[in-house]
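The values are calculated or read from the model by the stated rules, or taken from the named source; none is laboratory data. No experiment lies behind these values; they were computed from the predicted model shown. Ideal geometry is used to build each Cβ from the backbone, glycine not excepted, and the neighbour counts take in all protein chains shown.
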Amino acid sequence: NNMSLLVTDATIAGNALMEGDYVGVFTGAGLCAGYGRVGGDGFPVGLAAWGDDADTEAVEGFVAGEALLWRLWDMASGREYLAEPSYGEGVGRYSANGFAALSLRSLRRLSPAEGEHFGYVQTGDNHSLLVEEAFLDGSSLQAGDEVGVFTPGGLCAGAVIVEAEGGRLGLPAFGDDVETEGVDGFRAGEGFGFRYWDVSAGLEIAAEATYLEGPEVWTANGFTQVLLSGRTPREPVGQVTLQGGEAVDVLFYFNPGRVGDYAGRYEVESDDPYRPVVGGGLVGVGVMTAPELVIAPSSHDYGTLLAGEESSQAFTLTNIGMSDLVVEEVYAEGGAYGVDFGGSFTLAEGESRQFVVTFHPAAAGDYPGRLVAVSND
């Protein structure tokens, strides 16, 4: 089922859309459910808004009575804009086999600064994400790459460009603006999804998060520390042609999903009349990565206290390795600090334990200190 729509005019900052620009109609969840391209004759532009298929579990389009939300795409600049409709005929809500005629004008730009890949809307609420490290295929992201954070519905709600290899990244996750009909960002309690933009390869790549500190779901004014890792998908080699004396390197990737021995075989098929198939054996061993301890936050300033007062701060110890991490002791250096350590313990992969470090100065003065964890890292 669908609804017929006729856009009689559309402008961005007062300028009419040109040939090759696009008009799109979106559901409240941010799903594009129809679009039209501006042709050589300009306007009007006709398009269909497609309804949801009730026979499938997934939501593919509009439901009856749902508001029609509009966006404009400027092909020349590669920028997307939210648009405000003015209806000359019909109303701005979906009805199967319905019809509406309207004009559009841009409201605000969705894409952020020039040159960025991920686009999002900046709203008044956000959850701060601190990416301690971001790895792609075992190496740090490079300058120019991007990290985006996405809602469960696949909407980008924040992004950051990597300025230098190996540095920390501050990533805002913007919340939904309740004053607008559309969904602009996260809603309370929604989980985070992450993607990379590999600028050199021109690829979007899914990234997995290891949470070090803070909630794993969106909260207004929340704060979370994460480690991110992703792997570039591998494409089959396909067919190659070699001239006499030529050679080509073919990489075989070994990516064990469990501990143990692995045996495999490779084969190369060719038009060699004597050996049309050449193969050989492949063997490998999957072992667990070593335990690796991460402490978050990495530092804390207790500020100024009166002598005899005390202030406490929780620190989280996390094992981001695969092998068990055995923590023998946790203590604080500096006479004015104490830790509630209750004895040695073991953390399996991804497990965490929290400790409270208390600052209790007995006299005036500066008190440098350090939290120390003794383990098999």
Worksheet item: Restricting attention to the range 91-107, does a residue exist that is surrounded by 13 or more Cβ atoms within 10 Å (Cβ to Cβ), under 30 Å from residue 200 (Cα atoms) and not hydroxyl-bearing (Ser, Thr, Tyr)?
Response: no
Worksheet entry | Qualifying positions in the range 255-276 - within 30 Å of residue 243 (Cα to Cα), of a type in the set (Gly, Ala, Ser) and at pLDDT below 85 | 264
Fill in: Single residue of 188, 209, 220 found to be assigned to a strand (DSSP E or B) and of a type in the set (A, V, I, L, M, F, W, C)
209
Discussion item. I'd like to check something: does the range 62-84 contain any residue that is on the phi > 0 side of the Ramachandran plot and assigned to a strand (DSSP E or B)?
Written reply: no
Practice prompt. Filter the range 122-143 down to the residues that are over 25 Å from residue 202 (Cβ atoms) and not charged (D, E, K, R), then identify the one that is surrounded by the most Cβ atoms within 10 Å (Cβ to Cβ).
Written response: 127
Worksheet item: Would you pick out the residues in the range 280-293 that are at pLDDT 85 or above, assigned to a strand (DSSP E or B) and surrounded by 11 or more Cβ atoms within 10 Å (Cβ to Cβ)?
Response: 282, 284, 293
Item to complete: Would you check which residues across the range 295-335 are acidic (Asp, Glu), farther than 20 Å from residue 345 by Cα and part of a loop (DSSP other than H, G, I, E, B) and list them?
Response: 301, 309, 310
Discussion item. Quick check on my filter: what residues within the range 179-202 are surrounded by 14 or more Cβ atoms within 10 Å (Cβ to Cβ) and under 23 Å from residue 138 (Cβ atoms)?
Written reply: 192, 193, 194, 195, 196, 197, 198, 199
Worksheet item: Name the pairs whose Cβ atoms lie under 8 Å apart, with the first residue in the range 296-325 and within 23 Å of residue 209 (Cβ to Cβ) and in contact (Cβ under 8 Å) with a residue 12 or more places away in the chain, the second assigned to a loop (DSSP other than H, G, I, E, B) and of a type in the set (Val, Ile, Thr), and 6 or more positions between them or separate chains?
Response: 321/289; 322/289; 323/289
Item to complete: Kindly indicate whether residue 240 is part of a strand (DSSP E or B), among the aliphatic types (A, V, I, L, M) and at pLDDT 85 or above.
Response: no
Practice prompt. Would you be able to say whether some residue in the range 165-178 is exposed (fewer than 14 other Cβ atoms within 10 Å of the Cβ), assigned to a strand (DSSP E or B) and not β-branched (Val, Ile, Thr)?
Written response: yes
Discussion item. I'd like to know if the range 113-127 contains one or more residues that are out of contact with any helix residue (DSSP H, G or I) (no Cβ under 6 Å at 6 or more places or on another chain), at pLDDT 90 or above, among the hydroxyl-bearing types (Ser, Thr, Tyr) and part of a loop (DSSP other than H, G, I, E, B).
Written reply: no
Worksheet item: Within the set of pairs 6 or more residues apart or between chains, which connect a residue that is touching a residue at least 12 places away in the same chain (Cβ under 8 Å) and on the phi > 0 side of the Ramachandran plot inside the range 122-145 to a residue that is among the β-branched types (Val, Ile, Thr) and surrounded by 15 or more Cβ atoms within 10 Å (Cβ to Cβ) with Cβ atoms less than 9 Å apart?
Response: 144/161; 144/162; 144/199
Worksheet item: Considering only residues of the range 33-55 that are exposed (fewer than 13 other Cβ atoms within 10 Å of the Cβ) and free of Cβ contacts under 8 Å to residues at least 12 places away in the same chain, which is nearest to residue 71 (Cα to Cα)?
Response: 41
Item to complete: Quick one: in the range 76-85, of everything that is out of contact with any Phe, Trp or Tyr (no Cβ under 7 Å at 6 or more places or on another chain) and touching a residue at least 24 places away in the same chain (Cβ under 8 Å), which residue is surrounded by the most Cβ atoms within 10 Å (Cβ to Cβ)?
Response: 81
Item to complete: Kindly check whether there is at least one residue in the range 144-158 that is over 27 Å from residue 27 (Cβ atoms) and either modelled with pLDDT under 85 or crowded, with 18+ Cβ neighbours inside 10 Å (or both).
Response: yes
Discussion item. Just to check your reading of the model, which residue among 249, 301 is at pLDDT below 85 and surrounded by fewer than 10 Cβ atoms within 10 Å (Cβ to Cβ)?
Written reply: 249
Discussion item. Looking only at the range 333-367, count every residue that is touching a residue at least 12 places away in the same chain (Cβ under 8 Å) and either more than 15 Å from residue 310 (Cα to Cα) or among the basic types (Lys, Arg) (or both) and tell me the total.
Written reply: 14
